[in-house]
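Peer 1: Can you keep this structure in mind? I'll have questions shortly.
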Amino acid sequence: MDTVRGTPLPLSVGQEGLWLLQRLAPDSATYNLAGGARMTPAPDPEILGRAVRALTDRHAMLRSLYKETDGQPCRIVQEVGVLGELSVHEVPDATDEELDALVTAEVRRPFRLDTEGPFRAVLLRRREDAVALVVTHHIATDAFSQWLLWRDLLQAYEAFATGAREPAWEPLPVSYDDFVEREQVLLDSSRGKRQAEFWQEEAAGSRAAELPTDRPRPAVSSQSGASLLRRLPDRLSDKVLRTAARRGVSPFALTLGAFQALLHRWGGQSDFLLACPASTRRSSASEVVGYFVNPVLIRGRFDRETTLADAMDRAADRVRQATARVSYPYPLVARDAATPGPLYRISVTMVATDRFGPGMGGAASGEPMDVAGIETTYLEIPHLEGQCDLSLEITRDVYGLTVALRYDTDLFERATAERLFDLFIRFVEAAADDPGRRVARIPLTGDAERRALLALGSGGPGGTP
C-alpha cells in the first residue's frame, strides 16, 4: 500500500516532536540511527545501487521530505530516485582505523529533512572488502525498522545479483499513514482520555531520575554523547534467565529492577521516573518502516526495606501497566504534566533479536551471512548518543545479553560511565543470585576500593597519621 506522491501527509505526534527537536538543533546528529555491514569481497556498486532504489521504492518513508505547510509539519513523498541514491566512496588503501573514522563521520552528519530526506546509503569500498552503511533519521525509522531495511536491502541485492528482475517481496498491506490515522482516532476517543488520566497520575508527585554529574548541566545541551558496549558473561546471562523464569518475571523486569535499584542507591532518590522506549507497532504493520516507538514512563519507589525481588516485581507490574497504554503519545503526557521540567532524563530498553526473523537474528549477534557469495557481517555502530543523561539498551540474542550504555558527555566523564557500568553488572548479579537481598545493603564500592578507603582512614598511604 503506497501513499500519494506530492500530497502533504500528517505526522504522528511522536514525529512532530522529533521535527521540533530537529528544527531547534538542525546541526545535531543525536537522532540519527545507523547500521553497517562489512562485505568481503566488495559488492558490485551498480547492483547495490539498484537494491537501494528498490528499497526506497518499497518504503515511502525513506523518500519523504519533511516540511511545514500552513504552519503544520507534514511529510511529502517523492518519486523513486529523487532521494536516497547510493553514494560510493573509493578508499582502496584505507586502514581499519581510517574506515572506522569515515563511518563515524557519516553517522554524525546531520540530515536536512526538508531538502534531503531522512535516509542515506553509503558504500565505502576498499580493494578486498567494503562497508555498506545505512543511516536514517529517527523521524522515519525505529530499531525494528533498521532490521527491516537491512533484510530488504540484502534480499534485493541477492535477487539482482542472481538475475531476478525484482525481489520476491509481498506487497505491504498497510502504510505508516494508517498508524497516524489510528492514533488520531485514539486521541479523540474516551479510551484516549482514560489513558491520558493514567499517565498524569503515574507522573504526579514524582520527578525524573538523576545522578550526580561530573560537570554542571549546561543551559543548552550540545547533545553530544558516547557509548560503552559490553557482553555479559555467559554465566550471568544464564543466571538472569533462570532467576527471571523462577520468579515469573521477564528478564527485562529483572534487569530493569536492578537498574532502578542502582539509580536509587547512587542518586539517593526514593521516588523517580525513567522511560522505556516501547513499540506501538501492530502485527499488521510488521513489515512497515516507520517511527513506531513511544517512551513510556516507569516509576520507581524505594525505602530501606525494599528488596531486589520487590524492585523486579514492581518493575514487572509497571511495565505491564505501561504496555497496556503504550499508544498514548508521550509528548502529550509531557505537555500536560503538572511537574515542571522533563519527566525523564534516563531511559532503559531491551531488544530481543529473535524478533528480526530468520537470518537477521543471527546477524545481530555478529554471525556472518552469505549474500550472493559475499560474506556479510553486520556491524554494531554507536548512535542515538546524547538524547538522555543516560540510556541503557540491553540486547538479548541466542547467546545471552549485551549491554550498551550511552551517556551525555556534557555531564559525565568516561570513568564515571565505566564505574556505573561495573555497578550495574554488580546489581544484576545480586538480583540473579539473591533476590531477597535488601537494596540498601548492596555495596557501591568493591573490595579494592573499600581497602583503599580504610587505609586512608587509618593513616595509610595518602592518609594523615
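Peer 1: Scan the range 249-285 for residues that are in contact (Cβ under 8 Å) with a residue 40 or more places away in the chain, farther than 30 Å from Ser12 by Cβ and open to solvent by 10 Å² or more (accessible area, probe 1.4 Å) and jot them down.
Peer 2: Hits for the range 249-285 are Val249, His264, Arg265, Trp266, Gly267, Gln269, Asp271.
Peer 1: Name the single residue that is nearest to Pro329 (Cα to Cα) among those in the range 340-390 being modelled with pLDDT of 95 or more and small (Gly, Ala, Ser).
Peer 2: Ser347
Peer 1: Across the range 199-212, what is the total count of residues that are closer than 14 Å to Leu343 by Cβ and either without any contact (Cβ under 8 Å) to a residue 40 or more places away in the chain or open to solvent by 20 Å² or more (accessible area, probe 1.4 Å) (or both)? So that I can check it myself, show each step before the final result.
Peer 2: From the range 199-212, those closer than 14 Å to Leu343 by Cβ are 199-210; that's our starting set.
Right, trim to either without any contact (Cβ under 8 Å) to a residue 40 or more places away in the chain or open to solvent by 20 Å² or more (accessible area, probe 1.4 Å) (or both) and you get 200-201, 204-205, 207, 210.
Going through the range 199-212 one residue at a time, the tally reaches 6.
Peer 1: Please go through the range 111-142 and give me each residue that is part of a loop (DSSP other than H, G, I, E, B) and among the charged types (D, E, K, R), ordered by number. Outline the logic, then answer.
Peer 2: Quick first cut of the range 111-142, residues part of a loop (DSSP other than H, G, I, E, B) only: 111-118, 126-129, 138-142.
The answer is Arg112, Asp114, Glu116, Arg126, Arg127, Glu128, Asp129, Asp142.
Peer 1: Condition first: open to solvent by less than 10 Å² (accessible area, probe 1.4 Å), over 20 Å from Leu390 (Cα atoms), in contact with a helix residue (DSSP H, G or I) (Cβ under 7 Å, 6 or more places away or on another chain) and of a type in the set (S, T, N, Q). Can you find one or more residues in the range 300-313 that meet it?
Peer 2: Yes: one or more hits.
Peer 1: Of everything in the range 62-73 that's of a type outside the set (Ser, Thr, Tyr) and open to solvent by 10 Å² or more (accessible area, probe 1.4 Å), which residue is farthest from Thr7 (Cα to Cα)?
Peer 2: Gly71
Peer 1: Right, here's the next one. Give the residue that is modelled with the highest pLDDT, with candidates limited to residues of the range 74-85 that are open to solvent by 30 Å² or more (accessible area, probe 1.4 Å) and closer than 22 Å to Leu133 by Cβ.
Peer 2: Applying the filter and picking the extreme gives Gln78.
Peer 1: Looking at Ala244, Ala219, Ala226, which is the one that is open to solvent by 60 Å² or more (accessible area, probe 1.4 Å) and among the small types (Gly, Ala, Ser)?
Peer 2: Working: Ala244 fails: open to solvent by 60 Å² or more (accessible area, probe 1.4 Å); Ala226 fails: open to solvent by 60 Å² or more (accessible area, probe 1.4 Å).
Exactly one residue qualifies, and that residue is Ala219.
Peer 1: Working carefully through the options Thr115, Thr162, Thr136, Thr141, find the one that is in contact (Cβ under 8 Å) with a residue 12 or more places away in the chain and touching a Phe, Trp or Tyr at 6+ places or on another chain (Cβ under 6 Å).
Peer 2: Unique residue meeting the criteria: Thr136.
Peer 1: Surrounded by 17 or more Cβ atoms within 10 Å (Cβ to Cβ), over 20 Å from the mean Cα position of the chain (by Cα) and modelled with pLDDT of 95 or more - does that describe any residue in the range 138-151? Break it down stepwise before answering.
Peer 2: If we filter the range 138-151 for residues that are surrounded by 17 or more Cβ atoms within 10 Å (Cβ to Cβ), which is where we start, we get 138-151.
In the following step, the residues that additionally are over 20 Å from the mean Cα position of the chain (by Cα) were identified as none.
Within the range 138-151, not a single residue is surrounded by 17 or more Cβ atoms within 10 Å (Cβ to Cβ), over 20 Å from the mean Cα position of the chain (by Cα) and modelled with pLDDT of 95 or more.
Peer 1: Counting only residues that are without any contact (Cβ under 8 Å) to a residue 60 or more places away in the chain and under 30 Å from Val220 (Cα atoms), which one in the range 1-56 is surrounded by the most Cβ atoms within 10 Å (Cβ to Cβ)?
Peer 2: If we filter the range 1-56 for residues that are without any contact (Cβ under 8 Å) to a residue 60 or more places away in the chain, which is where we start, we get 20-21, 23-24, 46, 49, 53.
Keeping just the survivors that are under 30 Å from Val220 (Cα atoms) gives 20-21, 23-24.
Numbers: Leu20: 12, Leu21: 17, Arg23: 13, Leu24: 10.
Filtering the range 1-56 for residues that are without any contact (Cβ under 8 Å) to a residue 60 or more places away in the chain and under 30 Å from Val220 (Cα atoms), the one surrounded by the most Cβ atoms within 10 Å (Cβ to Cβ) comes out as Leu21.
Peer 1: Could you look through the range 412-446, keep only residues that are assigned to a helix (DSSP H, G or I), open to solvent by 20 Å² or more (accessible area, probe 1.4 Å) and of a type in the set (A, V, I, L, M), and pick out the one that is farthest from Gly257 (Cα to Cα)? Spell out how you get there, then give the answer.
Peer 2: Narrowing the range 412-446 to residues assigned to a helix (DSSP H, G or I): 414-433, 439-441.
Keeping just the survivors that are open to solvent by 20 Å² or more (accessible area, probe 1.4 Å) gives 414-416, 418-419, 422, 425-426, 429, 433, 440-441.
Next, from what is left, pick out any that are of a type in the set (A, V, I, L, M): 415, 425, 440.
Values: Ala415: 24, Ile425: 12, Ala440: 14 Å.
The residue in question is Ala415.
Peer 1: Right, next: Would you check which residues across the range 316-348 are assigned to a loop (DSSP other than H, G, I, E, B) and closer than 25 Å to Leu411 by Cα and list them? Break it down stepwise before answering.
Peer 2: At the first step, the residues of the range 316-348 found to be assigned to a loop (DSSP other than H, G, I, E, B) are 324-329, 337-345.
Once the filter is applied, which keeps residues that are assigned to a loop (DSSP other than H, G, I, E, B) and closer than 25 Å to Leu411 by Cα, the range 316-348 yields Thr339, Pro340, Gly341, Pro342, Leu343, Tyr344, Arg345.
Peer 1: From the residues in the range 317-333 that are hydrophobic (A, V, I, L, M, F, W, C) and over 20 Å from the mean Cα position of the chain (by Cα), which one is surrounded by the fewest Cβ atoms within 10 Å (Cβ to Cβ)?
Peer 2: Looking at the filtered set, the residue picked out is Ala324.
Peer 1: Under 9 Å between Cβ atoms, which residue pairs at least 6 apart in sequence (or on different chains) link something in the range 428-453 that is modelled with pLDDT under 95 with a partner that is hydroxyl-bearing (Ser, Thr, Tyr) and in a loop (DSSP other than H, G, I, E, B)?
Peer 2: Final answer for the pair search is Ala452/Thr445; Leu453/Thr445.
The values are calculated or read from the model by the stated rules, or taken from the named source; none is laboratory data. Since this is a predicted model, take the numbers as computed values, not measurements. No Cβ is skipped: glycine too gets one built from the backbone with ideal geometry, and neighbour counts run over all protein chains shown. Accessible surface is based on the protein model in full, side chains and every heavy atom, while ligands, DNA and RNA are left aside. Shrake-Rupley method; radii C 1.70, N 1.55, O 1.52, S 1.80 Å.
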